[in-house]
Each structure stands twice: as structure tokens, then as C-alpha cells.
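Asker: Following this message is one structure expressed as C-alpha cells.
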Amino acid sequence: MKTVTLLMSAGLLGSLVGCSEKPAPIAPKPPLVEVQKPLVKDITKYEVVSGQTEPVQTVEIRARVNGVLEEIAHKEGEPVKAGDLMFRIDPAPFTAARDAAAAQLLSAKAEAELADVTATRLEKAYKDRAVSELQALEARAKHKVAEENVKVATKNLAIKQLDVSYTEIYAPIDGRAEQSEYFVGSLVGGLGTSALTKIYDDSKVDAWFTLPDRVMLEYAAKDEKEGRVREALDSLPPIELAREIDEGFPFSGRVDYVDPEVDLETGTLRIRAEFDNAEGKLKGGRLGRIRIQAGELKGATIVPEVALGRDQQGPYLLVVGKDDVVERRSVKPGQQTEDGLVILSGLDGTESVIVNGMISARPGAPVRIKQDS
């Protein structure tokens with residue numbers, strides 16, 4: 001009986017142990033990713049640099065005489081036309097000074113006439129030996145001095161009249177006037193005072209930027225190869241400009257100035273391009289992106305921009321290699337095009353680049369490729 005009982009206990013224990021064992025876990029499926037072959041095509045190379053805009057012309061409006069500001073005739077920030085009255089300075093002291101100068105001129109003319117008559121009579125009297133020669137010469141000299149006094153008084157009157165004209169200040173150009181720090185009653189025109197306002201002509205906008213000297217050399221070499229000898233300005237293609245909010249480069253302009261020397265520290269040339277701004281979409285003092293054609297790139301490798309990743313080692317792409325195993329490829333990205341991002345090195349154009357599912361894909365691990373990708 002003891003033997004039978006022991007055998008039954010051993011069998012029961014074995015059955016309990018067998019029931020407590022768990023099945024082996026099922027390995028998870030590799031993550032699902034979408035892939036795409038790079039696009040290989042010839043494209044136009046571009047240099048994209050930062051630039052800053054400014055109005056094509058800026059004019060400071062200053063008081064040319066000292067006085068009290070009597071009127072501000074324009075609306076700040078609104079367009080003004082050349083010849084519009086902008087400021088008026090109290091003209092009373094200047095008209096008084098002009099009238100006094102006019103009176104001095106009349107007095108000088110009267111004295112000159114009297115001196116001429118006196119000199120003429122004394123010269124006649126000298127011929128009759130009624131006076132000495134010295135008296136006649138002195139009289140004629142006084143007449144000449146009086147004539148010079150007339151000239152001085154005439155010029156002084158012109159200066160005073162000019163001061164009167166300076167009391168009314170007109171816009172010299174079309175544009176927009178910024179806010180003035182002065183108000184009616186302010187004393188303006190003193191030594192060291194600031195401008196009354198500035199007028200910005202934004203009918204056109206200039207954009208300043210720098211280009212590597214090699215770009216200019218490439219254009220010169222191209223002209224030489226084509227048998228043309230042209231100035232640097234003529235060699236440059238149209239310049240394209242984009243604001244921070246723009247997609248693409250909607251504004252086109254032309255280079256109108258290039259510095260005569262290369263900056264030795266940076267190896268760049270400072271360049272200015274002019275853009276029409278009839279619609280007023282461009283403003284001075286803004287940063288923007290400048291794009292200029294820089295030749296042709298044959299057989300460029302292009303991938304979607306979303307495929308590019310960056311880590312501490314730099315930019316990279318994930319590609320699906322042999323046996324559907326993920327590989328990390330360090331790449332050198334180039335310019336952005338309408339078709340995607342140019343990859344200058346790191347791909348040969350035949351790879352399957354992961355464009356969706358990069359988060360779950362790991363280098364060295366297998367993945368499943370979505371069938372329609």
C-alpha cells in the first residue's frame with residue numbers, strides 16, 4: 001500500500017508541475033515601414049544665403065533753421081509725395097530779418113547813388129581846377145565802396161529770404177514718413193538735434209547678401225568658356241528672394257552692385273540686388289533667404305525631406321538592405337528642390353530609403369516593407 005501511495009503521489013505531483021509550465025513567448029513581428037527609391041535627375045544648383053532688405057532710398061528730413069515747430073502737415077506712416085508740405089517752422093522772426101535786410105539794401109543803394117553823384121561832380125570840378133585831384137579820387141573810391149556795400153546787402157537779403165523758405169519743409173521724394181519725435185511747439189534745428197523724420201522710398205527694395213568668391217569665379221569661367229567677356233554684374237543670373245513666411249522664392253530681382261574686393265577674412269563678396277515692390281509686400285530691415293543659380297548638377301540623388309534624420313553623428317538616412325535589415329547611412333544633404341532633398345554623398349541611388357516608420361526601425365534589425373511602397 002505504501003508503494004502504491006507513493007507512486008500515486010509522484011504521478012499527481014508530476015501532473016501539477018506540467019500544468020504550471022507557461023508556453024514559450026511568440027517573437028514580435030518586425031515593424032512595418034514604407035520605403036522609396038531615390039529620384040535621380042539633372043537639376044540646377046543653387047546657392048542659398050541669408051540677406052537683409054532695406055528701402056532703395058532713405059532721406060532724413062532736418063530743420064535748416066532754428067525755430068519753433070508751428071505745424072506738422074503730414075500724417076505719420078502715410079504715403080507722401082515729393083513736394084508735399086511736411087513741417088512748418090514759425091516764420092515770424094525770419095520774415096522780420098528778411099524785411100530788415102531789404103531795408104538795408106535800399107539804404108545801401110541810396111548811399112551808392114549819392115556817392116556816384118558826388119564823385120561825378122568832384123571829377124568835373126577837378127577838371128576846372130576847383131578842387132584837388134585827391135578830393136576827386138576820394139569821392140570815386142567812396143562810390144566804389146558804396147557799390148560793394150550794395151552787393152553785400154543784396155547777398156544778405158538773399159540769405160534772409162532763404163531762411164524764410166527753410167521754415168516750410170517739403171518732401172523731397174515719394175515714400176512713407178516714420179514717426180517724428182517732435183511735436184508742435186518743439187524747438188528744432190539746433191546744433192546736434194536729430195532729424196525731424198525719415199522718408200523711406202519702398203517702391204523698390206534692396207537686399208544685401210554675401211556670396212563665396214568661388215561662385216563668382218565659376219560664373220567668370222563659364223563666360224570665358226562660352227567666349228564671352230562680361231562684367232560681374234552681367235554674369236550673375238536673376239536673384240530670388242523669400243521672406244520667412246514664404247514657400248519657395250516668389251520675388252525676383254537683379255544685382256546692381258558688387259563690392260570691388262573680396263573680404264579676406266571670409267572669402268566672400270558683398271552684393272546688392274534690387275527688387276520691384278509695387279505691391280508693397282517687401283519691407284526694409286527684414287531678414288530673408290537669397291537664392292542664386294550656381295550651375296548644373298548631373299545625376300543628382302533626391303529623397304523626401306522627411307526621410308532625413310540627425311543625431312550626434314550628423315545627418316543620416318535609414319535604408320533597407322539585404323534580408324530586409326535596416327542600415328544607417330551617413331549622408332551629406334544639399335539643396336531643397338521641388339522633388340525633395342538633394343543628397344550629395346552617402347547614397348548611390350539604388351537603395352530603398354525608409355520614408356515612413358523610421359521611429360520603430362533600428363539599424364541592424366529587420367523590418368517588413370509595406371507592399372505598396
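The values are calculated or read from the model by the stated rules, or taken from the named source; none is laboratory data. Only a predicted model underlies this, so the values are computations on that prediction, with no experimental measurement involved. Because the Cβ atoms are built from the backbone with ideal geometry, glycine has one as well, and the counts that use them run over all protein chains shown.
Asker: Do we have LYS281 as out of contact with any His (no Cβ under 6 Å at 6 or more places or on another chain) and either more than 17 Å from ALA242 (Cβ to Cβ) or not assigned by TED's automatic domain parsing to the domain that holds ALA242 (or both) here?
Answerer: Numbers: out of contact with any His (no Cβ under 6 Å at 6 or more places or on another chain): yes; either more than 17 Å from ALA242 (Cβ to Cβ) or not assigned by TED's automatic domain parsing to the domain that holds ALA242 (or both): no.
So LYS281 fails the test.
Asker: Further, regarding this structure: Condition (residue is in a helix (DSSP H, G or I), among the aromatic types (Phe, Trp, Tyr) and surrounded by 15 or more Cβ atoms within 10 Å (Cβ to Cβ)) applied to the stretch 86-105: is it met by at least one residue?
Answerer: Checking the stretch 86-105: at least one residue is in a helix (DSSP H, G or I), among the aromatic types (Phe, Trp, Tyr) and surrounded by 15 or more Cβ atoms within 10 Å (Cβ to Cβ).
Asker: Turning to a different aspect of this structure: Would you check if there is a residue in the stretch 124-134 being over 30 Å from ASP99 (Cβ atoms), touching a residue at least 24 places away in the same chain (Cβ under 8 Å), more than 60 Å from the chain's Cα centre (by Cα) and not in a strand (DSSP E or B)?
Answerer: Step one: filter the stretch 124-134 for residues over 30 Å from ASP99 (Cβ atoms), giving 124-134.
Pick out the ones that are also touching a residue at least 24 places away in the same chain (Cβ under 8 Å) and you get none.
No, the stretch 124-134 contains no residue that is over 30 Å from ASP99 (Cβ atoms), touching a residue at least 24 places away in the same chain (Cβ under 8 Å), more than 60 Å from the chain's Cα centre (by Cα) and not in a strand (DSSP E or B).
Asker: Here is a further query. Taking the stretch 44-67, which residues are in contact with a strand residue (DSSP E or B) (Cβ under 6 Å, 6 or more places away or on another chain) and either over 30 Å from LEU344 (Cα atoms) or part of a loop (DSSP other than H, G, I, E, B) (or both)?
Answerer: Within the stretch 44-67, THR53, GLU54, PRO55, VAL56, GLN57, THR58, VAL59, GLU60, ILE61, ALA63, GLY67 qualify.
Asker: Here's a follow-up. Kindly establish whether ILE359 is assigned to a strand (DSSP E or B) and either farther than 30 Å from VAL215 by Cβ or in contact (Cβ under 8 Å) with a residue 24 or more places away in the chain (or both).
Answerer: Working: assigned to a strand (DSSP E or B): no; either farther than 30 Å from VAL215 by Cβ or in contact (Cβ under 8 Å) with a residue 24 or more places away in the chain (or both): yes.
For ILE359, the condition - assigned to a strand (DSSP E or B) and either farther than 30 Å from VAL215 by Cβ or in contact (Cβ under 8 Å) with a residue 24 or more places away in the chain (or both) - is not met.
Asker: Just checking: which of the strands (runs of 3 or more DSSP E) contained wholly in the stretch 161-218 hold 2 or more residues that are in contact with a Pro (Cβ under 9 Å, 6 or more places away or on another chain), surrounded by 16 or more Cβ atoms within 10 Å (Cβ to Cβ) and touching a residue at least 60 places away in the same chain (Cβ under 8 Å)?
Answerer: Numbers: elements: 168-170, 175-177, 197-212.
Here the list reads 175-177, 197-212.
Asker: Exactly one condition in (1) among the aliphatic types (A, V, I, L, M); (2) at pLDDT 95 or above; (3) part of a helix (DSSP H, G or I) is not met by LEU137; state its number.
Answerer: It is condition (2) that LEU137 fails.
Asker: Tell me, please, whether a residue that is surrounded by 14 or more Cβ atoms within 10 Å (Cβ to Cβ) and of a type in the set (D, E, K, R) can be found in the stretch 148-159. Steps first, answer last, please.
Answerer: Within the stretch 148-159, the subset surrounded by 14 or more Cβ atoms within 10 Å (Cβ to Cβ) is 149-150, 153-154, 156-157.
Retained after the next criterion (residues that are of a type in the set (D, E, K, R)): none.
For the stretch 148-159, residues surrounded by 14 or more Cβ atoms within 10 Å (Cβ to Cβ) and of a type in the set (D, E, K, R): absent.
Asker: Report, by residue number, each residue of the stretch 335-359 that is surrounded by 13 or more Cβ atoms within 10 Å (Cβ to Cβ), over 13 Å from VAL320 (Cβ atoms) and not aliphatic (A, V, I, L, M).
Answerer: GLN335, GLN336, THR337, ASP339, GLY340, GLY346, GLY349
Asker: Answer with yes or no whether ALA300 is aliphatic (A, V, I, L, M) and at pLDDT below 90.
Answerer: On the way: aliphatic (A, V, I, L, M): yes; at pLDDT below 90: no.
Against the criterion (aliphatic (A, V, I, L, M) and at pLDDT below 90), ALA300 does not qualify.
Asker: Keeping to the stretch 106-123, report how many residues are within 21 Å of LYS155 (Cβ to Cβ) and crowded, with 16+ Cβ neighbours inside 10 Å. Before the answer, list the steps.
Answerer: Step one: of the stretch 106-123, the residues within 21 Å of LYS155 (Cβ to Cβ) are 106-113, 115-116.
Subset that is crowded, with 16+ Cβ neighbours inside 10 Å: 108-109, 111-112, 115-116.
Qualifying residue count, the stretch 106-123: 6.
Asker: Follow-up. Which of the strands (runs of 3 or more DSSP E) found entirely inside the stretch 234-317 contain at least 1 residues meeting this: closer than 28 Å to LEU39 by Cβ?
Answerer: Here the list reads 239-242, 251-258, 287-303, 309-311.
Residue-wise test of (1) modelled with pLDDT of 90 or more; (2) under 14 Å from the mean Cα position of the chain (by Cα); (3) within 24 Å of GLU54 (Cα to Cα).
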site	(1), (2), (3)
ASP223	no, no, no
GLY227	no, no, no
PHE249	yes, no, yes
ASP263	no, no, yes
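Asker: Follow-up. Could you run through the stretch 26-50 and say how many residues are of a type in the set (S, T, N, Q) and either without any contact (Cβ under 8 Å) to a residue 12 or more places away in the chain or in contact with a Gly (Cβ under 8 Å, 6 or more places away or on another chain) (or both)? Break it down stepwise before answering.
Answerer: Keep residues of the stretch 26-50 that are of a type in the set (S, T, N, Q), which gives 36, 44, 50.
Narrowing the set further to residues that are either without any contact (Cβ under 8 Å) to a residue 12 or more places away in the chain or in contact with a Gly (Cβ under 8 Å, 6 or more places away or on another chain) (or both) leaves 44, 50.
Residues in the stretch 26-50 being of a type in the set (S, T, N, Q) and either without any contact (Cβ under 8 Å) to a residue 12 or more places away in the chain or in contact with a Gly (Cβ under 8 Å, 6 or more places away or on another chain) (or both): 2 in total.
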